[in-house]
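S.K.: First, the structure itself, so that you have it in front of you.
None of the figures in this text is laboratory data; all of them are computed from the coordinates on show. Given the structure is predicted, the values throughout are model-derived calculations rather than measurements. Heads up, the Cβs are rebuilt from the backbone with ideal geometry, glycines too, and the neighbour counts pull from every protein chain shown.
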Amino acid sequence: MMSAVKKIAVLTSGGDSQGMNAAIRAVVRTALFNGLEVFGVQRGYQGLLNDDMRQMDLRSVGDIIQRGGTVLQSARCKEFTTPEGQQKGAEILRARGIDGLIVIGGDGSYQGANKLSKLGIKTMGLPGTIDNDISFTDYTIGFDTAVGVVVDAVNKLRDTMSSHERSSVVEVMGRHCGDIALFAGLASGAESILVPEVPFNLDDVAERMRHNFEAGKRHSIVLVAEGVGKGEDICNGIIERCPTVEPRVTVLGHIQRGGSPTPFDRILASRLGDFAVQQLMSGVSGKGCGIINGELVATDIDLVVNTKKEFNMELYELATRLSQ
Ligand code: ADP
Ligand code: F6P
Ligand code: MG
């Protein structure tokens, strides 16, 4: 097959996520398998502006599928948010004869990819973020692993909470998106899940805890998405309303972004990385890649960045019903 691109580059940007390495590996190996040249840009858009990139070969992505983090490293780059920065990035790619770019990152990184695409660079986005906040994909790369980290932590907290008949307020990541809290909450039987997408009343949360303890529960878990506010404030609010449930707060923080990716994330990353290269080769660009009902899809990146991901109320209600 004649390829629409000959030389491509790949970068990882924004908050890293488990499975980014598996995605890089898939991009590099699919490209090489099809006779393309492929460059790895170091440190996201910052590296692009510094023209910091190296040619990748088969071995450069060996032994990384199982590793968290990203061998290309990541960065947050202010300069790239300006039109001048974006123009400079496009010129650097053109000067190197690179005719396709794959950006692995979250919503912010997708905004940057959209800008490059509008400047005529054939760009594809891969959803790499633990937040699961990208529309037109059911899952982002890293989300499943991050949910696993939270569930594992809640299991541990439950042990000690039950012994002492206490409750736990656990703050989890997700800048504007409650999905980590929702999925981890459902999977770990959390009693309350506080997310930015659903209004809540702390009086009701505290009352529910008090009632459940009186009815014989030995512990209670409240998951708080960081988009709602600080777990510590929620914890203090519960202490004021109902000190007998003895809440303790745990902020899981960046451990949610580390560790070996789950098989789900590795497979998702491998499929999406391969798909993005195939799309570029067949002349498709300016798309965000995703998975919907198990099928790989490419959606106009402009539409992806301008559409807010829908919150799964069905799962939220299920979690609430099951955690009585
Ligand atoms: P994530 O991709 O994980 O959401 P950020 O929101 O920090 O992480 O975005 C990563 C980088 O993407 C930013 O540091 C910046 O360089 C670039 N970026 C973010 N928003 C824009 C924008 N509106 N236009 C161009 N580039 C952007
Ligand atoms: O977007 C990914 C994310 O991990 C968010 O969940 C979190 O709010 C943010 O990045 C943390 O950013 P930083 O790594 O700059 O502390
Ligand atoms: Mg983001």
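S.K.: Which pairs, out of LYS88/LYS230; LYS115/LYS309; LYS78/LYS309; LYS7/LYS78; LYS7/LYS118, put more than 30 Å between their alpha-carbon atoms?
M.R.: Table pairs above 30 Å Cα-Cα are LYS88/LYS230.
S.K.: Can I ask one more? Among LYS78, LYS115, LYS309, determine the one that fluctuates most according to a GNM of the chain built with springs between C-alpha atoms less than 10 Å apart.
M.R.: Among LYS78, LYS115, LYS309, the largest GNM mean-square fluctuation belongs to LYS78.
S.K.: Rounded, prolate or oblate: which fits the chain, taking a ≥ b ≥ c as square roots of the Cα gyration tensor eigenvalues, rounded meaning a/c under 1.5, else prolate when a/b beats b/c?
M.R.: Cα axes put the chain in the prolate bin.
S.K.: If you take every DSSP beta bridge fully contained in the chain, what fraction is antiparallel? Give it as a percent rounded to 5.
M.R.: Once the DSSP bridges in the chain are tallied, antiparallel ones form about 20 percent.
S.K.: Under a Cβ-only charge scheme (Lys and Arg +1, Asp and Glu -1), can you give me the dipole magnitude of segment 145-257 about the Cα centre, in debye to the nearest 20?
M.R.: 280 debye
S.K.: OK, next. Among VAL205, VAL151, VAL172, whose Cα sits farthest toward the positive end of the charge dipole of segment 145-257 (+1 at Cβ of Lys/Arg, -1 at Cβ of Asp/Glu, about the Cα centre)?
M.R.: Of the candidates, VAL151 comes out farthest on the positive side.
S.K.: Of the residues VAL245, VAL103, VAL172, which exhibits the maximal mean-square fluctuation in a Gaussian network model of the chain defined by a 10 Å Cα contact cut-off?
M.R.: Judging by the Gaussian network model, the answer is VAL245.
S.K.: Now for a separate question. For segment 222-324, give the magnitude of the charge dipole about the Cα centre (Cβ charges: +1 Lys/Arg, -1 Asp/Glu; no others), in debye to the nearest 20.
M.R.: 180 debye
S.K.: Does segment 145-257 come out rounded, prolate or oblate by the C-alpha gyration tensor, with a ≥ b ≥ c the root eigenvalues, rounded set by a/c under 1.5 and, if not, prolate when a/b is larger than b/c and oblate if not?
M.R.: Taking the square roots of the gyration eigenvalues as a ≥ b ≥ c, segment 145-257 is oblate.
S.K.: For segment 68-192, what does the relative contact order come out to in percent, with C-alpha contacts under 8 Å and a separation of six or more?
M.R.: It rounds to 18 percent for segment 68-192.
S.K.: Give me the percent relative contact order of segment 145-257, please, defined on Cα pairs under 8 angstrom at least 6 residues apart.
M.R.: 41 percent
S.K.: So, one more: Rounded to the nearest 20 debye, what is the charge dipole size of the chain about its Cα centre when +1 sits on each Lys and Arg Cβ and -1 on each Asp and Glu Cβ?
M.R.: Dipole about the Cα centre, nearest 20: 1020 debye.
S.K.: How do LEU126, LEU72, LEU318, LEU32 rank when sorted from fewest to most other Cβ atoms within 10 Å of their own Cβ?
M.R.: In order of increasing Cβ crowding within 10 Å: LEU318, LEU32, LEU72, LEU126.
S.K.: Need the C-alpha centroid separation for segment 56-129 versus segment 175-246, integer Å.
M.R.: 38 Å
S.K.: Pull out a ≥ b ≥ c, the square roots of the eigenvalues of the alpha-carbon gyration tensor of segment 272-324, then state rounded if a/c is under 1.5, prolate if not and a/b is larger than b/c, and oblate in the remaining case.
M.R.: Since a/c reaches 1.5 and a/b is larger than b/c, the shape of segment 272-324 is classed as prolate.
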